[in-house]
Amino acid sequence: MDPQEIINDLQHLADRFDDSVSALATEQQIRDLQASFLGKKGEITILQKLLGKLPGESRKEVGQAFNQAKQRITTAAGDAIDGLVNREASEYLDRHTDLTLPGRAPRMGRMHPITLVMYDIVDVFVSMGFDVALGPEIETDLYNFGKLNFPDDHPARDMQDTLFIKEGKTLLRTHTSPVQIRTMLEKPPPIQIVAPGAVYRRDDDPTHSPMFFQVEGLLVDEGVTFAHLKGVLEAFLARIFGRDVRSRFRPSFFPFTEPSAEVDIECISCKGAGCNLCSGTGWLEILGSGMVDPHVLEGVGIDPERYTGFAFGLGVDRIAMLRYEGISSIRLLYENDPRFLEAFRR
Ligand code: DAH
């Protein structure tokens, strides 16, 4: 047989495959057609048996023509199957897609309820002329305790209460009060700051979290009296809990203030009658406060004969729980369950 004739035959076979495959409607039909060309008894396979009978010098050229024809058919079969699948997929989508359905709204992040309440608290004081001051969460023993007039044997310094990094040297601040010290060391009076931030204690139960948030306040100037403290805090409580909220100042003790007072508001749940929330007392403790102890002023180089000041500190979590009645456990505030957080959109 003439080698050129075989090469022509192969061309025609591949052309014929192209023509036939385009008319087929299923993958099986395409595979059957492919087998009738390339399978064991396929036309090309049968033709290939002649290859051995050809004179040696033409075998190479004819062999290449075989490979090309097989390649063409394999590619054409693959393309035809891809085309079918794509066509089926788009027909399926045409049948099953409803382009008139509304889209899915992207999920929006929200501010955490603690953050919202902390911003509200800070805003009230900023509107009264306070600046915002920040301090580090890793604090020295000296600023967290020493300069705040805590005696060496004060129970707060116990390993039970404080998360020490290096005992007696560095720790996770147990309150925001060290920001008072940092601010007074940094600049002379008049000073009027609030310091919001995270604080840490070795506590973990339904009403205590090992990390929680406080807002500290400090005002130092000439002629500052307890009346100023009372006026500022009453104005603050009215802004946060409503104008008719009743409050009381109860004598207390803190190492860094003298005199000291804790401030209670009338229970927002029972209005003073006594209930579970207020443990039957009718009052809720909201914050600690007092006149800056002269000893603390001296310790940061401020003359207590010339300057006086007041300070206060409040727990943001406590206020958030009162603000959003129904938060039963402080843990809910720190678990960050999106379903819980979703309830506080603003
Ligand atoms: N640092 C106190 C605490 O964490 C709260 C406090 C009480 C802060 C009285 C003050 C203050 O500034 O005057 O319990």
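Annotations
- Cα pair distances in the chain, grouped into 20 Å bins until the bin that holds the longest one, percent each: 23, 32, 8, 12, 19, 7, 0
- Mean Cβ neighbour count within 10 Å, used as a protection proxy, ranking 246-254, 259-267, 120-128 highest first: 259-267, 120-128, 246-254
- Neighbour-count order for ASP317, ASP94, fewest beta carbons within 10 angstrom listed first: ASP94, ASP317
- Applying 1/(1 + (r/R0)^6) with R0 = 30 Å to the Cβ-Cβ distance of LYS230 and ASP153 gives a FRET efficiency near 0.40.
- MRE, 222 nm, helices only [DSSP H, n ≥ 4, -39500 (n - 2.57), over the chain, to nearest 500]: -13000 deg cm²/dmol
- Fully extended contour minus Cα-Cα distance, from TYR324 to ALA35, at 0.36 nm per residue: 96.6 nm
- Computed lengthening from LEU101 to GLU258, 0.36 nm per intervening residue step minus Cα-Cα distance: 49.8 nm
- Of LYS147/LYS230; LYS40/LYS60; LYS147/LYS271, those spanning more than 31 Å from alpha-carbon to alpha-carbon: LYS147/LYS271
- Cα Rg, Dmax (largest Cα-Cα span) when computed across region 3-96, Å: 16.3, 61
- For the pair GLU285 and GLU137, a Förster radius of 25 Å applied to the C-beta separation gives a FRET efficiency near 0.55, rounded to the nearest 0.05.
- Treating r as the C-beta distance of SER90 and HIS12 and R0 as 30 Å, the FRET efficiency rounds to 0.30.
- Cβ crowding within 10 Å averaged over residues, with 292-300, 105-113 ranked highest first: 292-300, 105-113
- Of the DSSP H helices in the chain, those whose Cα atoms cover at least 15 Å axially and whose Kyte score averages 1.0 or more: 113-127, 226-241
- Simple spin-label estimate for LEU185 and ARG339 gives 4.8 nm between the two label positions (7 Å along the Cα-to-Cβ direction from each Cα).
- If you take all other residues with their beta carbon under 12 Å from the beta carbon of THR207, and give Lys and Arg +1 and Asp and Glu -1, the sum is -2.
- Descending semi-axes in Å of region 291-346, equivalent ellipsoid built from Cα gyration tensor: 41, 11, 9
- Selected from ALA235, ALA77, ALA227 as most flexible by GNM, with the chain as the system and alpha-carbon contacts under 10 Å: ALA77
- Interchain or long-range residues, amide H under 5 Å from ALA195's placed H: ALA133, GLU216, GLY217
- Cβ-based net charge around PRO3, under 13 Å, with every Lys or Arg adding one and every Asp or Glu removing one: -2
- Segments 275-284, 305-314 sorted - mean Cβ within 10 Å per residue, highest first: 305-314, 275-284
- Around the Cα centre of region 12-138, unit charges on the Cβ atoms of Lys, Arg, Asp and Glu (plus for the first two, minus for the last two) sum to a dipole of about 1060 debye.
- Using only Cα coordinates, the Kirkwood hydrodynamic radius of region 141-248 works out to 15.9 Å.
- Whole-Å distance, taken between Cα centres, linking region 304-325 and region 20-38: 83 Å
- Extension gain, ALA238-ASP123: 0.36 nm per intervening residue step, less the Cα-Cα distance, totals 40.0 nm.
FYI, it's all coordinate maths here, none of it is from the lab. In this text, all values refer to a predicted model and were calculated from it rather than measured experimentally. All Cβ positions, glycine included, derive from the backbone under ideal geometry; neighbour counts span all protein chains shown.
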